[in-house]
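All of the numbers you see were taken from the coordinates with simple rules; none came from a lab. All figures in this text were calculated on a predicted structure; none of them were measured in a lab. All Cβ positions, even for glycine, are placed from backbone atoms using ideal geometry, and neighbour counts span all protein chains on display.
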Amino acid sequence: MKLSLLALIFLAACGRSGAPDISAYPNEEGLTRLCNNPAILGTPISDISQGGCGIDNPVAVRYVAGVRLSTPATLNCRTASTLADWVENDAQDAVKKLRSRITEMTVFASYACRTRNNQRGARMSEHSLGNAIDIGVITLANGVELSVEDDWRKSNKEGAAIRALHESACGPFGTVLGPNSDRFHYNHFHFDTAAYRSGSYCR
Ligand SMILES: [Zn+2]
């Protein structure tokens, strides 16, 4: 399973043929195109090394596939690219029934040198390697804000859309956690690119 996932990532990376289409992602803020991916805009930052935590070639990501992040997210390139691909190929489709497009995502966390859920004695979090991002709110072009905390349990279109977003991330990301996973994720989605032998883990 792990091998086939790697093969998929490899194929996806090689699938971008020829020169990248930069015009698809305008760069009005003069940011740097990162990770050899025209869909990722932000600023490169120096390597991070803090004990067992850190990232080689980290990036501070401001836009993925034209969607602005509320605050720059510090990630490794694998995770930034997964996020960009998910937005472009899956997340926009997941909100289609609301007849709009995602324009911004509110970042609750990205790189952080800490244990899982900040619990003493727990394993180190994927956040400590730049493999993870937490997103709490998805904002659409029509002004609608889809909130994990407020909309997850609603039976309306907005609730359906936020649950569809969660489902659509399962596969692109190795781990997807939301309000059904545990009490720590009542108000955000945790996405990370850790690969598991048994496939994606989504709750
Ligand atoms: Zn998280």
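Observations on the structure shown:
- Any hit, the range 148-163, residues being β-branched (V, I, T), away from the ligand (no atom under 16 Å from the Cβ) and closer than 16 Å to V87 by Cβ: yes
For (1) buried (at least 16 other Cβ atoms within 10 Å of the Cβ); (2) within 26 Å of S49 (Cα to Cα), each residue gets a yes or a no:
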{"site": "T74", "(1), (2)": "yes, yes"}
{"site": "T79", "(1), (2)": "yes, yes"}
{"site": "E88", "(1), (2)": "yes, no"}
{"site": "V95", "(1), (2)": "yes, no"}
{"site": "A109", "(1), (2)": "yes, yes"}
{"site": "R114", "(1), (2)": "no, yes"}
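- Contacts under 9 angstrom Cβ, first residue in the range 131-154 being over 15 Å from I102 (Cα atoms), partner among the acidic types (D, E), 6 or more apart: N131/D192; A132/E126; A132/D192; I133/D192; D150/E158; D151/E145; D151/E158
- Pair list, Cβ < 9 Å and 6+ apart or interchain, from the range 104-118 residues that are among the hydroxyl-bearing types (S, T, Y) to residues that are more than 9 Å from the ligand (Cβ to nearest atom) and part of a helix (DSSP H, G or I): S110/T79; Y111/S128; Y111/L129; T115/S128
- The single condition among (1) over 20 Å from C202 (Cβ atoms); (2) among the acidic types (D, E); (3) within 16 Å of the ligand (Cβ to nearest atom) that E104 does not meet is (3).
- S168 being of a type outside the set (A, V, I, L, M), within 16 Å of the ligand (Cβ to nearest atom) and in contact (Cβ under 8 Å) with a residue 12 or more places away in the chain: no
- E126 being within 16 Å of the ligand (Cβ to nearest atom), among the charged types (D, E, K, R) and surrounded by 16 or more Cβ atoms within 10 Å (Cβ to Cβ): yes
- Residue count, the range 97-107 (criterion: charged (D, E, K, R) and buried (at least 16 other Cβ atoms within 10 Å of the Cβ)): 1
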